[in-house]
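Derivation of every value follows stated rules applied to the coordinates shown; laboratory data play no part. Small disclaimer: the values here were computed from a predicted structure and weren't measured. Positions of Cβ are backbone-derived with ideal geometry, glycine not excepted, and every protein chain shown enters the neighbour counts.
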Amino acid sequence: MKQKYKDDLFGSRLKAIRKRLKMLQAEFCEKLNISVTNLSEIENNKTRPGYDFFYKIVKEFDVNLNYLVFGEGTMFRKIGKEEGKGKAAGFDISRLDYPVNNEAVEEFLFYFFNSRFVHYHFMSELVRVLSENKKIINGEIEEKKAIKKK
């Protein structure tokens, strides 16, 4: 007898992907060529998507199907497209309100996620900088929060 497997988290994982990409439903639907109603039903586990949906979400956003379907692994398959340019960690760098050259940020993220040496070096350096400059860093963060509240 074949058991039916019910996963109530599929829709939640899909919604988490969309939120990570910082996309509204309409924008996400346009890229995937589906209706907002259909996406809402999928995110609320009322319906299941077909082959075309899975094909498009992987091609458009580099989504890791193991994550989407089974909740295993990372949300996205790789950093960026082909050579690490374009979308990093699955979302468009240009969407970040960051006052530095986006190409430099993309390059950093590419090396950070693809080289264990770079990853561990930067993480250890970050720990050192945070511990040595905690007051300065916290002061800057508080200033930024105060500006955003205004």
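Data overview
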read-out: Percent RCO, i.e. relative contact order, over the stretch 10-77, from Cα pairs under 8 Å lying at least 6 residues apart; value: 32 percent
read-out: Anisotropy class of the stretch 10-77 from Cα gyration tensor, a/c 1.5 cut; value: rounded
read-out: Cα-centre dipole for the stretch 24-78 with unit charges at Cβ (Lys and Arg positive, Asp and Glu negative), debye to 20; value: 140 debye
read-out: Residue order, fewest to most beta carbons within 10 Å, for Arg20, Arg13; value: Arg20, Arg13
read-out: Gain on full stretching of the segment that runs from Glu72 to Ser115 - 0.36 nm per residue minus C-alpha separation; value: 13.3 nm
read-out: Across Lys19/Lys144; Lys56/Lys148; Lys15/Lys149; Lys22/Lys149; Lys15/Lys150, pairs whose alpha-carbon gap is larger than 26 Å; value: Lys56/Lys148; Lys15/Lys149; Lys15/Lys150
read-out: Gain in span if fully extended, Gln25 to Asp52, counting 0.36 nm per residue against the direct Cα distance; value: 7.9 nm
